[in-house]
Structure formats: structure tokens, C-alpha cells
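Chemist: This is the structure, below, for whatever I ask next.
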Amino acid sequence: MAECAANTPVLVGVAAVQQKIDDYRLALEPVALMEQALRDAAADAGSLVLLEKADEILVPKSLWGYSDPGRLLADALGARSATTLLAEFGILQQSLLTRACQRIMAGEAQVVLVVGGEARYRAQCAAKVGAEAPETTQVGIEPDITLRPQDEMWSAVESASGLGMPVGYYAILDSALRYKQGLSLSQHRDQVATMYARLSELAADNPDAWSSQVVSANYIREHSAANRMLAFPYTKLHNSQWNVDQAAGLILCSARVAEDLGIERRKWVFPRAFTESNLMSVVASRRDLGASPGFRIAGQVAMQLAGVNFNEIRLCELYSCFPYAVRVQLQEFGLDWLHNVSVTGGMTFGGGPLNNFVFQATVKMAELLRQNPGETGLVTAVSGLLTKQACALWSCSPGADGWACADVTEQVRQVSEVCDLVASYSGKGSVAGYTVLYQGLDPWRAVAVFDLPDGRRTVAYSEDAYLLEQMMVQECCGATYQLADGRFR
């Protein structure tokens, strides 16, 4: 193994934990799952002392109610001097790994714990019997550091049309990409169904995955009572599965600390190159709904920094909250749609604990790289509604110039065209992207983003049953409709 500088950041301990206990009273709460993940990660490194030596504990926000989960973990693990950080929704999970590496490189920290987790399955089981799963309560306790996004992830114009859950936004984006690629509705549906059927097969072979069931492409594709359409063409099985009890713990330290603690070299996994774009824009304002300049530039720069080509990387985990996220990455990275996209089974079948999947994926990637020390692994990240993008390259050998990192936000800003949104418009508009939202088993409302003659944008809806049916059997991107009072016909 090549030598590295003493302050080189190294990932030395990884662990993913999950529970699937129907009796919520016997199941661990989220912070206990996170504690277990970190203890298991320290055991994986072969050095439990890493926990008490932690300088920082970094946690991304999820749906639990803890105000400072890092402090609960510090107290439980004996990390008395650790600084705690909470990253709110809208902060890339990758940003926590970037911070950990930056602090270690700068000599400002020697050991950093990065951890996240959820117990939505536990909460769901409690709700089924009319109970509420208890959590540790924190009163008057705040993290030492809180990271917050600088802008909003959606607009009032979008919300007024009926858009709420992310699935509707992603379906609209994917319709624009489909149209741009010249795919018919049927070809597009076949492609994403085939992709997700392959993900179910990967999950079935992954002992850490939430689901072990192989699902056929046809079942994923078609609307049914057990797999209902949520936002055309996305059924339930095209969506991230967040009702899981999963946590992941990552322990990073300097190469010097790893040496001093006697951590075996075969355990070391090096961050090679990290890139991220933190430019924020609401979905409907993006001029090209079928593109992601953030991923294009983040990918290009990551490849340059690490001296690799994504086409040559076998071990990939492309963020997979919805099919559009995977498809647009394949497009922007210049990869064929049959390229390997996951080592976990993805967020539907591997499990998508809210705001934590990147850590779950990084655990699996580290384990695979240790088994295949000559390879490089790619893990990507998304925040919001494909609002922010990031790429991380890992390997068991350090880069010639050590760890490299680039924030490409300004480069992305220079090539990203954003439209003005208007709430009220009467006249003709051309569809830039659309979906049909369902309520229960029935189509409810078509929502479309419209290009207006003056270059502005608006979002409008229709509840006309005939129009809804037509929009699900023929391509309507590029079609012109009459708009008035927030509706189209």
C-alpha cells in the first residue's frame, strides 16, 4: 500500500444495523440504533477506544424528535469532549463526510463519528395498535453546531397546484427526461421497471437490505391494489422505502491515529475525491427539467481529481430515491442505462432511511472495497428534490495527492438557467413536464409545469377525467394547453 501523510483522513470502522421487530415495545428507538451502529463500527475497526476519543459526532436530521442526538450518543459512548453537529433537512449527507475529512486534514480533529438512523417501522407497528413508540426526550439541549440550507426547496406556486410529496416532483422531472430522450411512455415505463426489478435482485443478495423479495418488472410497472400508482408513471415500488429501522455508523480518523491504535491496514478505506454542488433552485424554475448540471459537473470534476473514469467503475451506488435520480445521473455521467447502479439494492429494496441512505451505502461500499482492494467505488448523494448533488470516490489505496475535494456550486450556477415563476396566468402554455397524481386507487389530478410565451413558467392542474386518462397513454410534454386560474384544459 502506498504511504500517506499523517493527517490523511481514513475510514477505519463501518457498520450498518437494522431491526424488523413487530412488537414495538421490544424494538430499539432511533438513537439506540445509531449507538449500536457506532459500537459495531468501532468493533469493525478493532479499536473500541475510537469512540471515547471522538472529537466530533455528526448526525443528519430525520423524523425523530431529538434536538441533539449527537449529545445523547456522546454521553452513551463516553466521548466527553466531542462537539456535536446536527444537519437539518436540505443539507447533503455527503457534506458531513466532507466536513469530517476537512477537519482531520486540517488537524482540527483526530477522530470523527458520522452516524444516522431511523425507526419508522417501529413507529408504524406502534401506530397499528393505537400506540406511540416512545423516544428519549431532550429539553433545552441544542447541538454545538447546526447546519441549515440557505434557501427553500419548493415554492408556493408548486404547492398551490397540488404538489406535496416528492414523488410528484420527481415524476414531472422524469417526464421531461423521457421526452428529451425520445422515449415513448411505454418504453420509459419498461426501462424503469426493468431497472428496479434488477435492484430487487441485488437486495435479495444483500444481507443488510430491508427486502429479500425479488420482484418482477411487470409487477413494479403496473398499478395494483398492493402496488398502487402514486404519481404516473411511478408506482409505490418506484419510491424510496423509508418505513425501515436502519442505522449506519462511520468512523474516520487520521492515518496517524489509525497507525497509533494499531488498526489493521486491510481495514483502511481512503476517501479519494469528493465533489458537491449546493446550488438551490425549485423544480419548476429549472429551465431544463430533464438535466442536472450539478451531477454533470460534480461527476466530471470527481473523475479529474481521482484520475478515474466512471465507465470503468464496477462498484457504484447511484442515489436512487426515485427512478429519475438514477436516470439523470446515468445521462450526465455518460453511462449506459444498463450500467451497474447499486451495490445495496437501492432505496426501495435495500431500504431508504430518511436522510441517511448515503451512510448505509458507504458502509456497504467500504466492505466491498476491502474485499476488492484494487477497485474504486462511487457513492453519490442527493438532497431535496434533486436540489443538491454530490459524488464520492473511495478506494483502499490513497490518491497520489491524498484526498481531494471540490465545491462546484459556482460552476454549476454559471451553467444553470432558472426561470421566473408566476402564480397567475391566463393564455396558452406548453408543457415542460407533467404527472398524474393518484388518491387511493384512482387518478386525482394532473399537474404540469408550463413554459409561457414570455419565457416565464407556471404550474397548473386539471381534474378532467378524460384529460387525465389521455396524459397517461400519450406523450403530453411539448403539448399546448389553455391556462386560467391555476388550471389547464
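The values are calculated or read from the model by the stated rules, or taken from the named source; none is laboratory data. Bear in mind that the values here come from a model prediction, so they are computed numbers and not experimental data. Cβ coordinates were reconstructed from backbone atoms using ideal geometry, including for glycine residues, and neighbour counts include every protein chain displayed. Keep in mind that these areas ignore ligands, DNA and RNA; they rest on the heavy atoms of the full protein, side chains included. Shrake-Rupley method; radii C 1.70, N 1.55, O 1.52, S 1.80 Å.
Chemist: Could you please let me know if Ala126 is farther than 15 Å from Asn356 by Cα, in a helix (DSSP H, G or I) and in contact with a Lys or Arg (Cβ under 9 Å, 6 or more places away or on another chain)?
Modeler: It is true that Ala126 is farther than 15 Å from Asn356 by Cα, in a helix (DSSP H, G or I) and in contact with a Lys or Arg (Cβ under 9 Å, 6 or more places away or on another chain).
Chemist: Any residue that is touching a Gly at 6+ places or on another chain (Cβ under 6 Å), of a type in the set (S, T, N, Q) and either over 24 Å from Pro149 (Cα atoms) or at pLDDT 95 or above (or both) - is there at least one of those in the stretch 252-259?
Modeler: Checked the stretch 252-259: no residue is touching a Gly at 6+ places or on another chain (Cβ under 6 Å), of a type in the set (S, T, N, Q) and either over 24 Å from Pro149 (Cα atoms) or at pLDDT 95 or above (or both).
Chemist: Among the residues of the stretch 223-240, which ones are open to solvent by 10 Å² or more (accessible area, probe 1.4 Å) and more than 14 Å from Thr435 (Cβ to Cβ)?
Modeler: Ser224, Ala225, Ala226, Arg228, Lys236, Leu237, Ser240
Chemist: Related question: May I ask you to say which residue of Gly433, Gly427 is open to solvent by less than 20 Å² (accessible area, probe 1.4 Å) and within 26 Å of the chain's Cα centre (by Cα)?
Modeler: Checking each option against the conditions leaves just Gly433.
Chemist: Moving to a separate point now. Can you find a residue that is over 30 Å from Ser159 (Cβ atoms), acidic (Asp, Glu) and not in a strand (DSSP E or B) anywhere in the stretch 283-298?
Modeler: No, the stretch 283-298 contains no residue that is over 30 Å from Ser159 (Cβ atoms), acidic (Asp, Glu) and not in a strand (DSSP E or B).
Chemist: Among (1) modelled with pLDDT of 95 or more; (2) not in a helix (DSSP H, G or I), where does Ser424 come up short?
Modeler: For Ser424, the failing item is (1).
Chemist: Among all residue pairs at least 6 apart or on different chains, which show Cβ distances below 8 Å where the first residue, located in the stretch 141-162, is among the hydroxyl-bearing types (Ser, Thr, Tyr) and the second is assigned to a helix (DSSP H, G or I)?
Modeler: Final answer for the pair search is Ser155/Ala284; Ser155/Ser285.
Chemist: Among the residues of the stretch 408-421 satisfying the criterion of being open to solvent by less than 20 Å² (accessible area, probe 1.4 Å) and in contact with a helix residue (DSSP H, G or I) (Cβ under 8 Å, 6 or more places away or on another chain), which is nearest to Glu158 (Cα to Cα)?
Modeler: Once the filter is applied, the top-ranked residue is Cys419.
Chemist: Does the stretch 356-363 contain at least one residue that is touching a helix residue (DSSP H, G or I) at 6+ places or on another chain (Cβ under 6 Å) and either at pLDDT 95 or above or assigned to a loop (DSSP other than H, G, I, E, B) (or both)?
Modeler: Among the residues of the stretch 356-363, at least one is touching a helix residue (DSSP H, G or I) at 6+ places or on another chain (Cβ under 6 Å) and either at pLDDT 95 or above or assigned to a loop (DSSP other than H, G, I, E, B) (or both), which makes the answer yes.
Chemist: Check off (1) under 15 Å from Arg287 (Cβ atoms); (2) part of a helix (DSSP H, G or I) for Leu386 and give me the number that stays unchecked.
Modeler: (2)
Chemist: Still on this structure: Evaluate the following for Thr380: is it part of a helix (DSSP H, G or I) and modelled with pLDDT of 95 or more?
Modeler: When the stated conditions are applied, Thr380 does not pass them.
Chemist: Still on this model: Mind counting the residues in the stretch 454-476 that are buried (at least 19 other Cβ atoms within 10 Å of the Cβ) and among the aliphatic types (A, V, I, L, M)?
Modeler: Of the residues in the stretch 454-476, 4 are buried (at least 19 other Cβ atoms within 10 Å of the Cβ) and among the aliphatic types (A, V, I, L, M).
Chemist: Please go through (1) part of a strand (DSSP E or B); (2) within 20 Å of Ser292 (Cβ to Cβ); (3) open to solvent by 20 Å² or more (accessible area, probe 1.4 Å) for Gln482 and return the number of the only condition it doesn't satisfy.
Modeler: Answer for Gln482: the failing condition is (2).
Chemist: Pairs, please: C-beta under 7 Å, at least 6 apart or cross-chain, first residue over 15 Å from Ala306 (Cβ atoms) and in the stretch 370-382, second open to solvent by 50 Å² or more (accessible area, probe 1.4 Å) and not in a loop (DSSP other than H, G, I, E, B)?
Modeler: Matching pairs, first to second residue: Arg370/Arg266.
Chemist: What number of residues within the stretch 108-127 satisfy the criterion of being out of contact with any Asp or Glu (no Cβ under 9 Å at 6 or more places or on another chain) and open to solvent by 50 Å² or more (accessible area, probe 1.4 Å)?
Modeler: Of the residues in the stretch 108-127, 2 are out of contact with any Asp or Glu (no Cβ under 9 Å at 6 or more places or on another chain) and open to solvent by 50 Å² or more (accessible area, probe 1.4 Å).
Chemist: Let me ask you something else. Tell me, please, whether a residue that is modelled with pLDDT of 95 or more, over 30 Å from Trp154 (Cα atoms), small (Gly, Ala, Ser) and surrounded by fewer than 22 Cβ atoms within 10 Å (Cβ to Cβ) can be found in the stretch 52-71.
Modeler: no
Chemist: Within 13 Å of Leu147 (Cα to Cα), in contact with a Ser or Thr (Cβ under 6 Å, 6 or more places away or on another chain) and open to solvent by less than 10 Å² (accessible area, probe 1.4 Å), is that true of Leu92?
Modeler: When the stated conditions are applied, Leu92 passes them.
Chemist: Here's a check for you: in the stretch 167-214, which residue that is in a loop (DSSP other than H, G, I, E, B), without any contact (Cβ under 8 Å) to a residue 24 or more places away in the chain and within 19 Å of Trp337 (Cα to Cα) is most open to solvent (accessible area, probe 1.4 Å)?
Modeler: Result: Gly182.
Chemist: Determine the pairs where a residue that is open to solvent by 10 Å² or more (accessible area, probe 1.4 Å), located within the stretch 281-304, has a partner that is in a strand (DSSP E or B) and not basic (Lys, Arg) with Cβ atoms under 6 Å apart, the partner being 6 or more residues away or on another chain.
Modeler: Ser281/Val418; Val301/Thr275; Val301/Ala406
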